[in-house]
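Asks: Sharing a structure with you now.
Computed from the coordinates by the stated procedures, all read-outs in this text should not be read as laboratory data. Everything numeric in this text was worked out from a predicted model, so none of it was measured. As a convention, Cβ positions derive from the backbone with ideal geometry for all residues, glycine included, and neighbour counts pool all protein chains shown.
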Amino acid sequence: MPDDHGFVCSCCGRRHPALPMAYHAEAPIHWAGRLPFSRRNRLNSDQCVIKGETYFLRGLIERWAGVR
């Protein structure tokens, strides 16, 4: 098995040798592409609203990994 831990960046399209530092999905599994867009169903890069009742927000949890 090759020791290839790199990845191709979806933003710049270049290959980077390190492991990716961010993982995300385009939409919550609850969206599943089957809901029509409307005032009660919205999906954009930061939030998802389903039937005006269920809300998802994209967040960022930073973890400090330095040496003290």
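Asks: Over the C-alpha atoms of the chain, what are the Rg and the largest Cα-to-Cα span, Dmax, in Å?
Replies: In order Rg, Dmax, the Cα atoms of the chain give 17.1, 50 Å.
Asks: Run the numbers for Ile61 and Ile29: contour at 0.36 nm per residue of separation, minus the present Cα-Cα distance, in nm.
Replies: 9.5 nm
Asks: Add +1 for every Lys or Arg and -1 for every Asp or Glu among the other residues with Cβ under 15 Å from the Cβ of His24, and state the total.
Replies: So the environment of His24 carries a net charge of -2.
Asks: Here's something else I'd like to know. Whats the longest run of the chain with zero chymotrypsin sites (Phe, Trp or Tyr not before Pro) that are DSSP loop and have at most 14 other Cβ atoms within 10 Å?
Replies: The answer is 38-63.
Asks: Go ahead and run the numbers for FRET between Asn44 and Arg14, Cβ-Cβ distance against an R0 of 35 Å, rounding to 0.05.
Replies: Using R0 = 35 Å, I get an efficiency of 0.85.
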